[in-house]
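Enquirer: Dumping the structure here so I can ask a few things about it.
The values are calculated or read from the model by the stated rules, or taken from the named source; none is laboratory data. The structure displayed is predicted, hence computed values, not measured ones. No Cβ is skipped: glycine too gets one built from the backbone with ideal geometry, and neighbour counts run over all protein chains shown.
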Amino acid sequence: MNATEKAVIRSFLDTAQDYLSCGYRTEHKREAIETIENIAAAITRCRNCKLSELRKNTVPGEGVKNPMVIVIGEAPGADEDAQGRPFVGAAGKLLDKMLSAVNLSRETNCFIANILKCRPPGNRDPEPDERAACIHFLESQIYLLRPAAILCAGRVSAQTLLQTNAPMSAMRGGKQMEYSLKMGELVLKIPLFAIYHPSALLRNEAWKRPAWEDLKAFRQFLDSNLQRMRT
Ligand code: URA
């Protein structure tokens with residue numbers, strides 16, 4: 001049996017298990033059984049795209065369960081793949097510093113996740129079929145966590161959530177946008193901001209100043225708009 005055949009059988013068995021436990025891919029299922037831990041477990045089992053054949057670990061995301069902000073990056077890199085945790089390499093350390101400068105952190109008031117839960121080889125951009133196979137995990141996380149705001153780290157994250165090809169220049173700059181998530185009858189609308197990806201800042205020092213201005217604008221938005229602010 002080759003790898004593709006094995007993946008098909010594994011996926012079939014996962015689907016059968018889902019069906020037997022609670023009804024196949026219904027909205028009811030999302031509400032009835034999904035917890036952050038269940039989503040992480042489903043990610044661990046996932047064989048829905050070719051990246052599952054290459055990963056060392058899945059990277060579901062981490063942080064508090066009642067986050068003020070969900071920070072969304074692109075995809076795990078080598079360090080994240082090795083540890084199964086998001087943003088733990090050089091870019092992650094910079095991200096943590098940036099968040100901390102505006103009183104945000106994965107320990108106190110944020111959840112950190114990615115568009116993809118497995119590492120693309122060579123850290124290339126996620127391909128459309130990979131995004132399509134993976135995005136329902138992030139949607140379930142957002143649905144469950146109900147963050148007051150979304151902070152997209154980088155172009156890929158913002159473009160994917162906003163379903164646009166707009167360049168970064170049109171999305172950053174402290175601009176308030178809106179993420180819309182339809183789940184059955186319910187439509188969640190969540191304010192969304194975009195900042196430069198920390199990896200881009202490591203490559204381009206000149207973007208650090210505008211990135212700081214963008215973060216300050218985001219914090220200002222939180223301070224003046226959100227009842228749920230907890231810092
Ligand atoms: N870059 C990302 O977009 N996400 C990570 O988790 C790490 C690096």
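Enquirer: Go through the residues of segment 110-120 one by one and say whether even a single one is of a type in the set (Val, Ile, Thr), part of a helix (DSSP H, G or I) and closer than 23 Å to residue 52 by Cβ.
Expert: No, there is no match, as no residue in segment 110-120 is of a type in the set (Val, Ile, Thr), part of a helix (DSSP H, G or I) and closer than 23 Å to residue 52 by Cβ.
Enquirer: Would segment 204-221 turn up any residue that is free of Cβ contacts under 8 Å to residues at least 12 places away in the same chain, more than 21 Å from residue 68 (Cβ to Cβ) and of a type in the set (A, V, I, L, M)?
Expert: For segment 204-221, residues free of Cβ contacts under 8 Å to residues at least 12 places away in the same chain, more than 21 Å from residue 68 (Cβ to Cβ) and of a type in the set (A, V, I, L, M): present.
Enquirer: Residue 123 is checked against (1) modelled with pLDDT under 95; (2) under 23 Å from residue 35 (Cα atoms) and fails just one. What number does that condition carry?
Expert: (2)
Enquirer: While we're looking at this one, here's another question. More than 27 Å from residue 210 (Cα to Cα) and either within 16 Å of the ligand (Cβ to nearest atom) or aliphatic (A, V, I, L, M) (or both): does that describe residue 150?
Expert: Numbers: more than 27 Å from residue 210 (Cα to Cα): no; either within 16 Å of the ligand (Cβ to nearest atom) or aliphatic (A, V, I, L, M) (or both): yes.
In short, no.
Enquirer: Restricting the search to segment 78-93, which residues are buried (at least 19 other Cβ atoms within 10 Å of the Cβ) and touching a Phe, Trp or Tyr at 6+ places or on another chain (Cβ under 9 Å)?
Expert: Within segment 78-93, 80 is the sole residue that qualifies.
Enquirer: Would you point out the residue of segment 183-204, among those that are loosely packed, with under 14 Cβ neighbours inside 10 Å and at pLDDT 95 or above, that is nearest to the ligand (Cβ to nearest atom)?
Expert: The residue in question is 203.
Enquirer: Select from segment 63-94 the residues that are within 10 Å of the ligand (Cβ to nearest atom), under 13 Å from residue 113 (Cβ atoms) and not in a loop (DSSP other than H, G, I, E, B) and list them in ascending order.
Expert: Those that are within 10 Å of the ligand (Cβ to nearest atom), under 13 Å from residue 113 (Cβ atoms) and not in a loop (DSSP other than H, G, I, E, B): 71, 72, 73, 80, 92.
Enquirer: Take the residues of segment 154-176 that are closer than 18 Å to residue 111 by Cβ and in contact with a Phe, Trp or Tyr (Cβ under 8 Å, 6 or more places away or on another chain): which is surrounded by the fewest Cβ atoms within 10 Å (Cβ to Cβ)?
Expert: 154
Enquirer: Looking at residue 122 and the list (1) free of Cβ contacts under 8 Å to residues at least 40 places away in the same chain; (2) within 12 Å of the ligand (Cβ to nearest atom), which single condition is not satisfied?
Expert: (2)
Enquirer: Has segment 128-135 got at least one residue that is surrounded by 20 or more Cβ atoms within 10 Å (Cβ to Cβ), away from the ligand (no atom under 14 Å from the Cβ) and either not in a helix (DSSP H, G or I) or not aliphatic (A, V, I, L, M) (or both)?
Expert: Among the residues of segment 128-135, not one is surrounded by 20 or more Cβ atoms within 10 Å (Cβ to Cβ), away from the ligand (no atom under 14 Å from the Cβ) and either not in a helix (DSSP H, G or I) or not aliphatic (A, V, I, L, M) (or both), which makes the answer no.
Enquirer: Out of everything in segment 140-184 that is assigned to a loop (DSSP other than H, G, I, E, B) and of a type in the set (D, E, K, R), what residue ends up being farthest from the chain's Cα centre (by Cα)? Walk me through how you get there before you give the answer.
Expert: Filtering segment 140-184 down to residues assigned to a loop (DSSP other than H, G, I, E, B) leaves 146-148, 154, 163-167, 172-176, 184.
So of that shortlist, the ones also of a type in the set (D, E, K, R) come out as 146, 172, 175.
Values: 146: 13, 172: 18, 175: 20 Å.
Per the criteria, the residue is 175.
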